[in-house]
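Let me begin by presenting the structure, written as structure tokens, before commenting on it.
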Amino acid sequence: MSLWLTLAVNSIALGGLLFLLSAGFSLIFGLMRIPNLMHGSFFMLGAYFGVTFLERGLDFWLAALLSGVAMALIGGLIERFLLKRLSGQELPQVLLTLGFSFIIADLCLMIWTGDPWQPATPAELRGALQIAGLFFPLYRLVIVAVAVVVAIALWLLVDWTRLGAKIRAGVDDAPIARMVGIPVSRLFTLVFALGAGLAAFGGVIGAPYLSVYPGMDAEMLPLALIVVILGGIGSLVGAFVGSFVIGFLYNFGQAMFPDLAYVILFLPMVLVLVLRPQGLFGRGVS
Amino acid sequence: MKRRVPRFAAIGVAAVLLLTLPSWIANSYYVNIASQILLWAVAALALNVLVGYGGLVSLGHAALFGTAGYTAALLLQAGHGHFAADLAAIAFTLLVSAVFAVLSLRSTGIIFLMITLALGQILWGIAYRWASLTQGDNGVNVATRPQLFGISLATADAFYYAVLAVFVLAAISMAIFVGSPFGASLRGTRDQARRMNALGYNVWLIRFIAFLFSGFWTGVAGLLFVYYNQFISPQIMALQTSAEILLMVISGGTATLVGPIAGAAIVVVMKNVISAYVERWNLVLGVIFVLIISFMPDGLIPGTTRIWRHGWRALRARVALSRAGRAP
Amino acid sequence: MTALAVNALCKSFGGLRVTSSVNLSVEPGERRLIIGPNGAGKTTLFNLITGELSPDSGSIELFGDNITKVASRKRAHLGIARTYQIITLFARETILHNVSLALLGLSPLRWSFFGNLDHQRHIAESAREALAHVGLEGIAARPLAQTSYGERRRVEIAMALAQKPRLLLLDEPFAGLSIDERRDVQQLLRRIPRDVSIVMIEHNMDVALDFAEKVTLLHFGEVIVDGTRGDVVNDPRTKEVYLGH
């Protein structure tokens, strides 16, 4: 009984982290029409940044925010000076992000070595919460709370601001949006930076729970890919729902069928791509 | 005839050099590098059938490569003979290629890329996690290399000749394939799929057959690989390997047959050289990827032949001018 | 028996009706012109006839055979050929190779893994014949990238004619051509024998009316007027559609 409960709590915690990772991925995919194959790298690098900031004695939340800002800057620069050169050529852009994922992975290995880092959970958030006689690790619930807060903030941004309207227009139909005067090119840079920043922030938030280790990028990217394909490209609602679905699928799948862990994850993605390319909530990629 | 002579001469020279390689390269380390270049050239040529001639970029080909290698290795370990193991490996790889094709050819472009990526990951995950089947991270050992016509392939030189023979077969097969009417149809679907459909071609079937052809030779390359190393582990089926093969194709250039061969040579040599000094191959791989895609999208071969022809013409023009200047 | 019979054909995209119960009847050897303002659904109608789009309801008959459910790639084999509004040629190849591909599409040779397409004598000859029809046989070996827009339009027509179709669909064949080029295309269209039935979409009525025997006017996906050239030109509804209400 308590194993399933633990798995469930872990699943929603993972779901929360996946949302922080996938929301940006979904927006980038929806707006720029490319699966950003360095998104897992943003998550991992952000986590490593966080670890270094924490080592310097920075407050946990500050470290997370700073890491997000730093990654947003890096992401923005990459988009502005490298991806934009290949404007209109999606396939080369995807391959560019792939190349960068190798670069970042190796740089991280060089700088932070192969040992995993696990920063301590912030002092005030340790321990467990007791609800109805059951104990829930506090920090994992905090992760979910953070994800929900970010989700609300993103929703407000996308649905209630003019910037959000422009982003939605770009996701709907970039050429037309351009014609109407929306600076789609600048939006690309902004959204790419935002996605990178969110992923990095998520990486730091997740660090006390998942730890930070080489190869983490290669584990997180497929999850983001699956969440977004399942939930629909460009759909934040889809990313939210999909994140928790995949969180559960991943944890329970690992526990029950360790041999077929990857099959359980990727098969739904393949099925969706083949049968319903627009995902459960989103619009198609064409 | 004028344009053919230099090309045939080049092929002739290359053939002579390759055939006599073990005699002018005495060191078996370098002979082994040559074997690696040739076997990866087969894989690169195979991928280029889809990428260059079909316009379909796959990031899942390492899985086909590894499937052949693993099938052979596991069957050999179970006590089967080389011929049976190799035949079964190729047959199974063709089956997996067919499944890949049916699932991924629902789309083109980026969706095709993502489906092949996902399928490749599934197979990698099986190789890695389903340890009871594949021995997971421990990998599978291959005790001996086969004997061809009674000759043992255990030495570097003998194995080199075997790989060379397979490479030549592959190269000839590719040349025939791309020059054939079917090859012309495939190129047509790359450039104007909708138009080809209206002209009466079965675009899906053309791509499917091309995928099988590509999968076949990828599997053959995988067999060469597992015999070369006499060992196979899940890493060979990882996304990074698919990216390396793709890098071979795009660095050499997708528009020709020579391109992937040159690309394989470039990548294999670099990987060996760099790995000898420093553990930063991944970093270099990434940087080269970024550079080539950003600045030399046609690949190195078309780029350099353009420069070569440009330089040659400029030289001839200058010679003609100077001669005209000396006319009475 | 009609060459082409379109019966109550309907197609909608979401809420937008692009083809609204269209009826069309083309006799063998006829020269039919389809006109209408932008967005009237002319090209969509062509796409339905060639099978690139599936109708929501209605049927299409080619020389008496119901081809509504026939896959689009098979319709070329049944004798339908078309040109496109936007030129969709094989830019990396020569003119001859472009036309050869058109011929190869109907030939079992397209499944051959051996031999070279450019060495197939009978295909090359038929390709040159088709190019001669459009006056381009002199530059057959030229790469498409080095041809003019007018020449490319003619290559499109050559590719369609090479397949010896029974029904030829021309989508704005005069678009973007100079006056001289238009005259050339008009002449070559007139030379097409009567065993080919032709349906043409054209925007520019001056150029196309000359050619047409019967005219169909489409507007918002519906057939507004249908009849001989004289009837349609003089019909008050035609003026209304083109000049506004």
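Data table
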read-out: Any pair with Cβ under 6 angstrom, 6 or more apart, that starts in the range C:166-181 at a residue that is in the same structural domain as C:T2 (by TED's automatic domain parsing) and closer than 16 Å to C:T50 by Cβ and ends at one that is surrounded by 17 or more Cβ atoms within 10 Å (Cβ to Cβ) and aromatic (F, W, Y); value: C:L169/C:F46; C:D171/C:F46; C:D171/C:Y84
read-out: Filter result for the condition that a residue is over 14 Å from the mean Cα position of the chain (by Cα), part of a helix (DSSP H, G or I), more than 11 Å from every other protein chain (Cβ to nearest Cβ) and over 30 Å from A:D217 (Cβ atoms), over B:F177, B:F208; value: B:F208
read-out: Every residue from the range B:189-205 that is more than 7 Å from chain C (Cβ to nearest Cβ) and under 28 Å from B:I11 (Cβ atoms); value: B:R190
read-out: Matching residues, the range C:194-230, being at pLDDT 85 or above, among the charged types (D, E, K, R) and over 19 Å from C:L168 (Cα atoms); value: C:E222, C:D226
read-out: Pair list, Cβ < 7 Å and 6+ apart or interchain, from the range A:131-144 residues that are more than 18 Å from A:L18 (Cα to Cα) to residues that are in a helix (DSSP H, G or I) and modelled with pLDDT under 85; value: A:L134/A:L5; A:L138/A:L125
read-out: Restricting the range A:55-80 to residues that are assigned to a helix (DSSP H, G or I) and out of contact with any helix residue (DSSP H, G or I) (no Cβ under 8 Å at 6 or more places or on another chain), the residue that is nearest to B:I250 (Cα to Cα); value: A:L77
read-out: Condition check for B:L186: among the aliphatic types (A, V, I, L, M), surrounded by 22 or more Cβ atoms within 10 Å (Cβ to Cβ), within 14 Å of chain C (Cβ to nearest Cβ) and touching a helix residue (DSSP H, G or I) at 6+ places or on another chain (Cβ under 7 Å); value: yes
read-out: Selection within the range B:103-129 - more than 9 Å from chain A (Cβ to nearest Cβ), in a helix (DSSP H, G or I) and within 24 Å of B:G54 (Cα to Cα); value: B:F112, B:T116, B:G120
read-out: Checking B:E279 against (1) within 14 Å of another protein chain (Cβ to nearest Cβ); (2) under 27 Å from B:G179 (Cα atoms); (3) at pLDDT below 90, the condition it does not meet; value: (2)
read-out: Selection from the range C:77-91 of residues that are touching a strand residue (DSSP E or B) at 6+ places or on another chain (Cβ under 8 Å) and within 7 Å of chain B (Cβ to nearest Cβ); value: C:R82
read-out: Helices (runs of 4 or more DSSP H) (entirely within the range B:2-98) containing at least 2 residues that are under 17 Å from B:M174 (Cα atoms) and of a type outside the set (K, R); value: B:4-19, B:28-51
read-out: Residue tally, condition of a type in the set (V, I, T) and touching an Asp or Glu at 6+ places or on another chain (Cβ under 8 Å), over the range B:255-269; value: 1
read-out: Sole exception among (1) hydroxyl-bearing (S, T, Y); (2) more than 30 Å from C:G58 (Cβ to Cβ); (3) facing chain B (nearest Cβ under 8 Å); (4) crowded, with 19+ Cβ neighbours inside 10 Å for C:S112, by number; value: (4)
read-out: Single unsatisfied condition, C:K74 versus (1) more than 19 Å from C:M200 (Cα to Cα); (2) facing chain B (nearest Cβ under 10 Å); (3) touching a strand residue (DSSP E or B) at 6+ places or on another chain (Cβ under 8 Å); value: (3)
read-out: Flag for C:I80 being in contact with a Lys or Arg (Cβ under 8 Å, 6 or more places away or on another chain) and of a type outside the set (G, A, S); value: yes
read-out: Residue count for the range C:49-61, restricted to those that are in contact with a strand residue (DSSP E or B) (Cβ under 6 Å, 6 or more places away or on another chain) and more than 13 Å from chain B (Cβ to nearest Cβ); value: 7
read-out: Residue, modelled with the highest pLDDT, within the range C:30-67, restricted to residues that are in contact with a helix residue (DSSP H, G or I) (Cβ under 9 Å, 6 or more places away or on another chain) and among the hydroxyl-bearing types (S, T, Y); value: C:T50
read-out: Strands (runs of 3 or more DSSP E) enclosed by the range C:129-245 - at least 3 residues per element that are within 19 Å of the chain's Cα centre (by Cα) and crowded, with 20+ Cβ neighbours inside 10 Å; value: C:167-171, C:197-201, C:214-219
read-out: Residue count for the range A:81-117, restricted to those that are more than 9 Å from chain B (Cβ to nearest Cβ), part of a helix (DSSP H, G or I) and of a type in the set (V, I, T); value: 2
read-out: Listing of helices (runs of 4 or more DSSP H) fully contained in the range C:21-126 that carry 3 or more residues being assigned by TED's automatic domain parsing to the domain that holds C:T147 and among the hydrophobic types (A, V, I, L, M, F, W, C); value: C:95-105
read-out: Residue in the range B:252-261 that is in a helix (DSSP H, G or I), among the small types (G, A, S) and buried (at least 23 other Cβ atoms within 10 Å of the Cβ) present; value: yes
read-out: Conditions (1) over 19 Å from B:V267 (Cα atoms); (2) under 16 Å from the mean Cα position of the chain (by Cα); number of the one not met by B:V57; value: (1)
read-out: Residue list for the range B:123-146, filter: over 13 Å from B:A73 (Cα atoms) and buried (at least 21 other Cβ atoms within 10 Å of the Cβ); value: B:L123, B:W124, B:G125, B:I126, B:R129
read-out: Filter result for B:S275 (under 22 Å from B:S97 (Cα atoms) and either in contact (Cβ under 8 Å) with a residue 60 or more places away in the chain or over 17 Å from the mean Cα position of the chain (by Cα) (or both)); value: no
read-out: Index of the failed condition, A:T121 passing every other in (1) of a type outside the set (A, V, I, L, M, F, W, C); (2) part of a helix (DSSP H, G or I); (3) buried (at least 18 other Cβ atoms within 10 Å of the Cβ); value: (2)
read-out: Qualifying positions in the range B:77-99 - loosely packed, with under 14 Cβ neighbours inside 10 Å, on the phi < 0 side of the Ramachandran plot and of a type outside the set (A, V, I, L, M, F, W, C); value: B:G81
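The values are calculated or read from the model by the stated rules, or taken from the named source; none is laboratory data. This is a predicted model, so every value here is computed, not measured. Virtual Cβ from ideal backbone geometry, glycine too; neighbours counted across all protein chains shown.
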